[in-house]
């Protein structure tokens, strides 16, 4: 399983367990969408990227697509535990201007208050 989804205080916490690359983005999207459909009341999400040690442009593109989908449904998405190599992708592409990035899940949860 690429993602582990749980709900805490009405916020969807999505733990990604592998690198987000062209080889994994389809499974990532499919697993996340099926959970979102099962938990339709969840509007806000935190992506926990603690276990993601690598991300390519396809991985970043999938995060942008997820953010767009959540925003269209009136929700918001934050990123927690961004590791060093994926953080470089965010810096090079300036994606850090698009996403709210937090050091921990707790900080990200507080960001919704």
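The values are calculated or read from the model by the stated rules, or taken from the named source; none is laboratory data. The model shown is predicted, which means the values in this text are computed figures rather than measured ones. Heads up, the Cβs are rebuilt from the backbone with ideal geometry, glycines too, and the neighbour counts pull from every protein chain shown.
Of all residues in region 70-113, count the ones that are part of a helix (DSSP H, G or I) and either more than 21 Å from residue 35 (Cβ to Cβ) or in contact with a helix residue (DSSP H, G or I) (Cβ under 6 Å, 6 or more places away or on another chain) (or both).
Count: 16.
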Of all residues in region 5-36, which are more than 21 Å from residue 87 (Cα to Cα) and either in contact with a helix residue (DSSP H, G or I) (Cβ under 9 Å, 6 or more places away or on another chain) or part of a loop (DSSP other than H, G, I, E, B) (or both)? 5, 8, 9, 10, 11, 12, 26, 32, 33, 36
Taking the condition modelled with pLDDT under 95 and touching a strand residue (DSSP E or B) at 6+ places or on another chain (Cβ under 7 Å), does residue 28 pass? no
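Residues are listed down the side, and each one gets a yes or a no for (1) at pLDDT below 95; (2) loosely packed, with under 14 Cβ neighbours inside 10 Å; (3) touching a strand residue (DSSP E or B) at 6+ places or on another chain (Cβ under 8 Å); (4) on the phi > 0 side of the Ramachandran plot:
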| residue | (1), (2), (3), (4) |
| --- | --- |
| 68 | no, yes, no, no |
| 71 | no, yes, yes, no |
| 75 | no, no, yes, no |
| 84 | no, yes, no, no |
| 96 | yes, no, no, no |
Of these, 64, 79, 101, which one is under 13 Å from residue 14 (Cβ atoms) and surrounded by 12 or more Cβ atoms within 10 Å (Cβ to Cβ)? 79
Residue hits (region 97-113; closer than 18 Å to residue 59 by Cβ and over 13 Å from the mean Cα position of the chain (by Cα)) are 97
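Select from region 32-43 the residues that are in contact with a strand residue (DSSP E or B) (Cβ under 7 Å, 6 or more places away or on another chain) and more than 15 Å from residue 64 (Cα to Cα) and list them in ascending order. First the steps, then the outcome.
We begin by selecting, within region 32-43, every residue in contact with a strand residue (DSSP E or B) (Cβ under 7 Å, 6 or more places away or on another chain); these are 32, 35, 39, 42.
Scanning region 32-43 gives 35, 39, 42.
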I'm trying to understand the selection: among the residues of region 45-59, which are over 15 Å from residue 2 (Cβ atoms) and either surrounded by 20 or more Cβ atoms within 10 Å (Cβ to Cβ) or free of Cβ contacts under 8 Å to residues at least 12 places away in the same chain (or both)? 45, 46
